[in-house]
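**Student:** Have a look at the structure that comes next, please.
Rule-based calculations on the coordinates, nothing more; no lab input. Predicted, not measured: the structure shown is a model, and the values here were computed from it. Here Cβ is always computed from backbone atoms with ideal geometry, including for glycine, and neighbour counts include all displayed protein chains.
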Amino acid sequence: FLEESNTMWMKDEFCSSGSTSDLGWTSRGNGTGATVNAKAGELNHPCIKRLTSGTDSTSLAYLSMGDSNGFYFQNELAFKAIVRLNNLVSGQVARLGFCDVWDANNECTNGMYFAYEPNDNSNWKAIVVNNGSRSAQAMTTPTGGFQTLTAIFGSSKSVFKIDGTSFDHTTNLPTNQTAGFFFQVFNSGSSSSKTMDVDYIEIWNNSLTR
């Protein structure tokens, strides 16, 4: 017998029209040409939301859920996202995961997320941060195609996976902290817009007691 009240599980295929989709995301485009819009589906990716940063040097677009404190970090809080970065160039910043800040190019105070920051490193980075103390590990280079990114929070480690590559963080875990969930693409010092395509998100916690 599955005690459903002890399991939190949600997903979004991003098939609804407009920018917010099924889970009631907050969407924002800040800057000239910055938008979040539905994009035509593709083979094996039936529905897609595209985040476009815009052409201003500090413009951004994001999808967020749970405000800055919507999810509580306890054992087995996790997510799996399928995304594609389309502009693998300097000046692009892309982030996704649990974070308490997403409306500007600011670092999270508490969170567990992936970041692509090519001005610093050309790989996806796995990041945990607790009360402003941050640990980051370079993982794999974005392929320009869709990739599956998974992160699982635990009491002693956070496990990050990108396709077949994994890494465990054991320090600066945001235990007992809170954060929202977000997708963000940010234009950092470039005159051309940057885009991230979001195909799927799944968020769960199987270890609740209530």
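**Student:** Can you report the principal axis dimensions of region 100-210 using only the alpha carbons, biggest first, rounded to whole angstrom?
**Tutor:** In descending order, the Cα extents are 49, 29, 24 Å.
**Student:** Something else: Through the Karplus equation 6.51 cos²θ - 1.76 cosθ + 1.60, θ set to phi - 60°, convert the phi angles of region 30-43 into ³J(HN,Hα) values in whole Hz; use x for Gly and Pro.
**Tutor:** 10, x, 4, x, 7, 8, 10, 9, 6, 10, 4, x, 9, 4
**Student:** Which three lengths, in whole Å and largest first, does region 1-136 cover when its Cα atoms are put on their principal axes?
**Tutor:** 52, 38, 25
**Student:** Could you order peptides 191-197, 167-173 by the average number of other Cβ atoms within 10 Å of their residues, highest first?
**Tutor:** 191-197, 167-173
**Student:** Going out from 0 in 5 Å bins, what whole percent of all Cα-Cα distances in region 143-204 drops into each bin?
**Tutor:** Percent of pairs per bin, in order: 4, 12, 19, 20, 19, 15, 8, 3, 0.
**Student:** Another one. Provide the gained length on full extension for the span residue 155 to residue 15, in nm with one decimal, where the gain is 0.36 nm per separating residue minus the Cα-Cα distance. Provide the component values of the computation, followed by the final result.
**Tutor:** Details: separation 140, 0.36 × 140 = 50.40 nm, distance 3.45 nm.
Stretched out fully, the residue 155 to residue 15 stretch lengthens by 46.9 nm.
**Student:** In square nanometres, what is one fourth of the surface area of the convex hull spanned by the alpha carbons of region 66-152?
**Tutor:** Value for region 66-152: 5.7 nm².
**Student:** Need the full-extension length gain, residue 76 to residue 38, defined as separation in residues times 0.36 nm minus the C-alpha distance. One decimal, nm.
**Tutor:** 10.6 nm
**Student:** In sequence order, what are the phi-derived ³J(HN,Hα) couplings for region 109-117 according to the Karplus relation 6.51 cos²θ - 1.76 cosθ + 1.60 with θ = phi - 60°, rounded to whole Hz, with x for glycine and proline?
**Tutor:** Running phi through 6.51 cos²θ - 1.76 cosθ + 1.60 with θ = phi - 60° gives 8, 9, x, 8, 7, 9, 9, 10, 9 Hz.
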